[in-house]
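The values are calculated or read from the model by the stated rules, or taken from the named source; none is laboratory data. For clarity, every value in this text was computed on a predicted model and none was experimentally measured. For neighbour counting, all protein chains shown are included, and Cβ atoms are generated from backbone atoms with ideal geometry for every residue, glycine included.
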Amino acid sequence: MTSFDLIVIGSGPGGYVTAIRGAQLGMKVAIVERDKLGGICLNWGCIPTKALLRSAEVYRNFQHAKDYGLSVEGLKFDSEAVVQRSRRVAAKLSGGVSMLMKKNKIAVIEGEARLEKGAGAPRVIIAKDGKDTSYEAKHVILATGARAREIAAAGLKSDGKRVWTYREAMTPPEWPESLLVFGSGAIGIEFASFYAAFGVKVTVVELLDRILPVEDAEISAFAKKRFEKEGMKLLTSTEAKTLRASASGVEAQVVTNGKTETLTASHAIVAVGIAGNVEGLGLEALGAKVEKGHIVTDGHGRTNIAGLYAIGDVTGPPWLAHKASHEGIICIEAIAGQKPHPLIKERIPGCTYSHPQIASVGLTEAAARASGREVRIGKFPFVGNGKAIALGEDQGLVKVVFDAKTGELLGAHMVGAEVTELIQGYAVAMQAEVTERELMETVFPHPTLSEMMHEAVLDAYGRVIHM
C-alpha cells in the first residue's frame, strides 16, 4: 500500500484527529510518525505535564490538611515515582491513539518524512533503517508540530544535564535544589509551579515587563502575587545575557533596567518559545512559503503548493493542541468539499495549569480598548463565591470584557482554582455570539464556581449580587 487519498505527516493532536476525520469522510488514509503516536502533546507535553502538576497539587493539599480538619504525619514525596506516574499516563494515551488508528483503518507508517515534487501533490519519501520508500497521495497534510526554541548565543540551549528544555524538565536526570526558569509563558510557569510545590527554590526570568505577557494585565498581576506567595522569585523586564553550566550548577548574567546581576542555581529550564519543525521536509525545494520558521497557510490549511496543506504548531501561534485539532478538521472537511468556517483564532481559549490556574479567551481589556471599542468590564472575586470558600480556594478573579454598544462578549479572563475547566463556558458563548442579555438570563447551578462567571457578567452591567 503506497498510494492513498490522504497522507498526514505527524501524529500529534492535529495529525491523528485529522486522519480520523479523513477516514470518517471515506478516504484511504495513512499517517506518518517518526517517534511515538500522539506526538509531543501526548508523550512530552500537554498530558504528562498535567500528570506532574496533579501530583504537585495533591502534595500541596496534603500540606494544608489541617485547614480541612485533617492530619497528615510524615509527609514526603518520591520524585522518581512522581515522574514515572506521568510516563505511565503518557504511555496509556499513546496506546489509545494506536487503537484509534486501527479502529479507523488508518495505515501507520513509521519513519522520517520528506517531500519531493510529484505529478499532483508532493510525493512522500519515508526513510527508515537506511531505506527510502516512496508514497503517493492526492492530498498531503503536514502536522509536524514544533520544538523548544533555544538561543544558543546566550547559552539558552539544553545540555541535557544542567540546562533543560521541557523534555528534560519532565524526566529530570536529577532533582534540582534550585532552578532558574527563562520565560514566563505557559510552559515556563507550569514547570516553575510544579517544582516550587516540592520545595525547589525557583526564580523566573522574563524579558517583558510582566509575567504571562499574553494574558490580561490584571490577571497577570494577580497571578504574580500568588506565585510569590508560593515562594517563587519573579524577575520581569530582565534580559538573559549569558547562561553557563558547570559540573556543580548554572550561572546566568541578567540585566534588569540597566543593572547587571548574577544568578546561580543547580539547574535551569529554557522556555523562551517554540520553533516550527520545518527543517528536512524538502519545503525549500518545493517552493513552499515559510515565514519566521512557520508554514504559511490560508484559512483552510492550504499552502501555496498544490495538494500540500499544513496545520497546528508548524503554522504558527497560538501553539495549542486544541487549535491544531480544530485546524485539522477544518482542513480535511474543506478538502472533502464541505464548507467549514475558517478558524477564528480570537475565540481559541488558552490555559495555564499552574497553581493558581490561568485561563482566557478573546481580547484583553487593553486590546479591546486599543481597537477603539467602548467597553464594559465586569469582575468577580473568588472570595465572594460559596463553593470557592468551601473548597478552601477563595483566591482568584473572573473578569469579562463586553462591547458597550452591542453587548458582544469580547474576552474573558480568569485566575484561580479550576478556571481551565470554566473557561469553555465563555468560549461557547463567544462562538454562539450571545450577548450579555442571554448570559444574564442563563441559570447557573448553585453552589458552583461557575456562578462567578454569571456574577462577573452582572457586574459589567451594574447588577452584581454577591459583591
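Figures for the structure shown
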item	result
Residues of the range 75-120 that turn out to be of a type in the set (Val, Ile, Thr) and either in a loop (DSSP other than H, G, I, E, B) or within 30 Å of Gly199 (Cβ to Cβ) (or both), as a count	4
Of all residues making up the range 261-279, the number that are assigned to a loop (DSSP other than H, G, I, E, B) and more than 25 Å from the chain's Cα centre (by Cα)	1
Candidate set: the range 14-28, residues that are out of contact with any strand residue (DSSP E or B) (no Cβ under 8 Å at 6 or more places or on another chain) and not aliphatic (A, V, I, L, M); chosen: the one farthest from Gly145 (Cα to Cα)	Gly26
Some residue of the range 234-246 being within 19 Å of the chain's Cα centre (by Cα) and buried (at least 16 other Cβ atoms within 10 Å of the Cβ)	no
Meets criteria (in a helix (DSSP H, G or I) and surrounded by fewer than 11 Cβ atoms within 10 Å (Cβ to Cβ)) for Lys66	yes
Unmet requirement for Pro318, which otherwise passes all of (1) touching a helix residue (DSSP H, G or I) at 6+ places or on another chain (Cβ under 8 Å); (2) more than 30 Å from Val202 (Cα to Cα); (3) modelled with pLDDT under 95	(2)
Count - residues of the range 171-212 that are touching a helix residue (DSSP H, G or I) at 6+ places or on another chain (Cβ under 6 Å) and more than 29 Å from Gly258 (Cα to Cα)	4
The range 221-250: number of residues that are among the basic types (Lys, Arg) and in a strand (DSSP E or B)	3
Flag for Leu25 being surrounded by fewer than 17 Cβ atoms within 10 Å (Cβ to Cβ) and in contact (Cβ under 8 Å) with a residue 60 or more places away in the chain	yes
All positions within the range 163-191 that are surrounded by 21 or more Cβ atoms within 10 Å (Cβ to Cβ) and more than 19 Å from Cys41 (Cα to Cα)	Val163, Pro176, Leu179, Leu180, Val181, Phe182, Gly183, Ser184
Residue satisfying condition, being modelled with pLDDT of 95 or more, within 23 Å of Phe380 (Cβ to Cβ) and not aromatic (Phe, Trp, Tyr), within set Val214, Val204	Val214
Residue in the range 197-220 that is assigned by TED's automatic domain parsing to the domain that holds Ala169, outside any loop (DSSP other than H, G, I, E, B) and surrounded by fewer than 16 Cβ atoms within 10 Å (Cβ to Cβ) present	yes
Check on Gly111, surrounded by 12 or more Cβ atoms within 10 Å (Cβ to Cβ) and modelled with pLDDT of 95 or more	yes
Selected residue [more than 26 Å from the chain's Cα centre (by Cα) and β-branched (Val, Ile, Thr)] from Val361, Val401, Val383	Val383
Check on His413, without any contact (Cβ under 8 Å) to a residue 24 or more places away in the chain and buried (at least 18 other Cβ atoms within 10 Å of the Cβ)	no
Selection status of Tyr59, outside the structural domain of Tyr195 (by TED's automatic domain parsing), surrounded by fewer than 16 Cβ atoms within 10 Å (Cβ to Cβ) and of a type in the set (Phe, Trp, Tyr)	no
Condition met for Val434 (β-branched (Val, Ile, Thr), touching a Leu at 6+ places or on another chain (Cβ under 9 Å) and not assigned by TED's automatic domain parsing to the domain that holds His322)	yes
Residue in the range 341-351 that is part of a strand (DSSP E or B) and in contact (Cβ under 8 Å) with a residue 60 or more places away in the chain present	yes
Contacts under 6 angstrom Cβ, first residue in the range 305-334 being under 26 Å from Thr420 (Cβ atoms), partner among the basic types (Lys, Arg), 6 or more apart	Ile329/Arg21
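Yes or no, residue by residue, for (1) in a strand (DSSP E or B); (2) touching a helix residue (DSSP H, G or I) at 6+ places or on another chain (Cβ under 9 Å); (3) of a type in the set (Val, Ile, Thr):
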site: Gly378; (1), (2), (3): yes, yes, no
site: Val383; (1), (2), (3): no, yes, yes
site: Ala390; (1), (2), (3): no, no, no
site: Glu393; (1), (2), (3): no, yes, no
site: Val401; (1), (2), (3): yes, yes, yes
site: Ala412; (1), (2), (3): yes, yes, no
